[in-house]
1. Given Cβ point charges of +1 (Lys, Arg) and -1 (Asp, Glu) and nothing else, what value in debye, to the nearest 20, does the dipole of chain B about its Cα centre take?
2. With viscosity set to 0.890 mPa s at 25 °C, what whole-number translational diffusion coefficient in µm²/s follows for chain B from Stokes-Einstein and a Kirkwood radius over Cα pairs?
3. With each pseudo-label sitting 7 Å past Cα toward Cβ, what's the A:ALA39-A:ASN70 distance in nm, one decimal?
4. Per residue of B:93-99, what is the mean number of Cβ atoms on other protein chains within 10 angstrom of that residue's Cβ?
5. Taking each residue in B:24-35, count the Cβ atoms of any other chain within 10 Å of its Cβ, then average. What number comes out?
6. Can you give the relative contact order of chain A as a percent, counting alpha carbon pairs under 8 Å and 6+ residues apart?
7. Rg(Cα) of region A:1-93 divided by 2.2 N^0.38 Å?
8. Please list 3J(HN,Hα) in residue order for region A:16-26, calculated via the Karplus relation 6.51 cos²θ - 1.76 cosθ + 1.60 where θ = phi - 60°; whole Hz, with x for glycine and proline.
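None of the figures in this text is laboratory data; all of them are computed from the coordinates on show. Predicted, not measured: the structure shown is a model, and the values here were computed from it. Don't worry about glycine lacking a Cβ; one is built from the backbone with ideal geometry, like all the others, and counts go over all protein chains shown.
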Amino acid sequence: DTEVTQTPKHLVMGMTNKKSLKCEQHMGHRAMYWYKQKAKKPPELMFVYSYEKLSINESVPSRFSPECPNSSLLNLHLHALQPEDSALYLCASSQELVGNEQYFGPGTRLTVT
Amino acid sequence: AQKVTQAQTEISVVEKEDVTLDCVYETRDTTYYLFWYKQPPSGELVFLIRRNSFDEQNEISGRYSWNFQKSTSSFNFTITASQVVDSAVYFCALMGSNYKLTFGKGTLLTVNP
């Protein structure tokens, strides 16, 4: 089973709203990732968790706040977003941080109005 | 610095044609990993293959084959007897010592019936 699940599939939020994206995997993977993808572009790395600790933050604005409650779950808390934050948000996981393929979820399509 | 170049932005073929997607990479790392991902219109990135820098064996999986050549820093992907379901954006990616995936810009493959 190489499934990563993400909820919700679609999200529309105003600039003053607070919302959260959720990601779950049950493959026993120890590394989890958040990516942002704009149309016709490759995914851009945002955050990396390894063994439930934040390993990489790609200088993401503080209006995006990641959380890893346990080894299977990854959240992305959103607050005071801008219209330019509208994108596809992808979660991924891998066995370990180094050298392993990442398995991606179906993504959350976010629209900020 | 790492870089992945997919020079072909878009390719259009007719069903049953063979098609090769090019990928050229740059890295100073001696140990690195190469990947191919498929992203159909639904949005989910699907892992296709991983190759280690010390393993130059080519690989075949059904209609898919990959040609890894360190001498030319290339990792090309061939689909034999293409099908409409192969229509997608294909990303080549590189992981080096920084543990991050560097994606190419992607190649949009359209297979027409």
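1. Value, rounded to 20: 320 debye.
2. 173
3. 4.0
4. 4
5. Other-chain Cβ atoms within 10 Å of each residue's Cβ, averaged: 1.
6. Contact order relative to length: 37 percent.
7. Relative to the 2.2 N^0.38 Å estimate, region A:1-93 comes out at 1.04.
8. 9, 6, 10, 9, 9, 9, 10, 9, 9, 9, 10
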